[in-house]
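A short write-up of the structure that comes next.
The values are calculated or read from the model by the stated rules, or taken from the named source; none is laboratory data. The structure presented is a predicted model; accordingly, all values stated were derived computationally and were not measured. Don't worry about glycine lacking a Cβ; one is built from the backbone with ideal geometry, like all the others, and counts go over all protein chains shown. Calculation scope for accessible area: heavy atoms of the full protein, side chains included, ligands and nucleic acids excluded. Shrake-Rupley method; radii C 1.70, N 1.55, O 1.52, S 1.80 Å.
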Amino acid sequence: MSSSILFCMAHTPTTINAIIIYGFAGLVLSLSYWSGNKLATSIPIHVAINIISLVTT
């Protein structure tokens, strides 16, 4: 949970929607790391989130 908050704050959200999105992304990334105990699991997910964000905005 604390890693989700840190992830969210590191991306400096300016709206409540951004806080929710970054918080959820941080939660997904931390759960993916926790389940596999490998950073290599979280990196492709982060890349996918960034690509989706780039394409949709």
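Of everything in the stretch 20-45, what is exposed (fewer than 15 other Cβ atoms within 10 Å of the Cβ) and assigned to a helix (DSSP H, G or I)? Give them in sequence order.
Ile20, Phe24, Trp34, Ser35, Gly36, Leu39, Ala40, Ile43, Pro44, listed by residue number.
For the stretch 46-57, give me each residue that is among the hydroxyl-bearing types (Ser, Thr, Tyr) and open to solvent by 100 Å² or more (accessible area, probe 1.4 Å). Outline the logic, then answer.
So in the stretch 46-57, the residues among the hydroxyl-bearing types (Ser, Thr, Tyr) come out as 53, 56-57.
Correct list: Thr56, Thr57.
For the stretch 1-10, give me each residue that is open to solvent by 70 Å² or more (accessible area, probe 1.4 Å) and closer than 22 Å to Ile51 by Cβ.
Hit for the stretch 1-10 is Ala10, nothing else.
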